[in-house]
1. With of a type outside the set (A, V, I, L, M, F, W, C) and modelled with pLDDT of 95 or more as the only criterion, which of Asp66, Asp91, Asp100 stands out?
2. Can you run down the residue pairs with Cβ atoms below 6 Å, 6 or more apart or on separate chains, where the first is in the stretch 6-33 and surrounded by fewer than 11 Cβ atoms within 10 Å (Cβ to Cβ) and the partner is modelled with pLDDT under 95?
3. Scan the stretch 84-108 residue by residue and report those that are without any contact (Cβ under 8 Å) to a residue 60 or more places away in the chain and within 16 Å of Leu32 (Cβ to Cβ).
4. Looking for something over 18 Å from Thr38 (Cα atoms), out of contact with any Cys (no Cβ under 9 Å at 6 or more places or on another chain) and small (Gly, Ala, Ser) - is there at least one such residue anywhere in the stretch 117-132?
Amino acid sequence: MENHNPPKLGNQLCFPLYVISKEITGLYRPFLDEIGITYPQYLVMMVLWEKDGLTVNQIGEKLHLDSGTLTPLLKRLEAKGFINRKRKKEDERVVEVFLDEAGKKLQQDACKIPSKMQEKLNLSTEDLMELKETVQKILNKIQK
């Protein structure tokens, strides 16, 4: 039997997920302002700190971003001196992204951010891990 009542905001899973995403991103802002990058730029830098020299497409896959969104982010990071982009010699359509010295140094400052966030959220490591696992389970089901 179909329910013809209008959906209520308080009954929806999407709304608290939307709000928490927005709020968590906002909590990162002061820490990222200190090191001179935005939250989307921070995500790109984390990908490159894990593995330098990825292509734009590989970064986009990891972050679920298309090149139209990613390219302006990369341009701004390059203008700040954190990365450089190089066309692959074998195939000039492929652009690889490399950390500059400033981008490598930025990692030292960024290493402090996760503990600052945990302190700000006032959650135990166990609570954070449980939350992350639950969210990852949902994400895995969506992406199948």
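1. After ruling out the rest, the residue left standing is Asp100.
2. Leu9/Phe15
3. Once the filter is applied, which keeps residues that are without any contact (Cβ under 8 Å) to a residue 60 or more places away in the chain and within 16 Å of Leu32 (Cβ to Cβ), the stretch 84-108 yields Ala102, Gly103, Lys105, Gln108.
4. yes
The values are calculated or read from the model by the stated rules, or taken from the named source; none is laboratory data. Source: prediction; values computed, not measured. Heads up, the Cβs are rebuilt from the backbone with ideal geometry, glycines too, and the neighbour counts pull from every protein chain shown.
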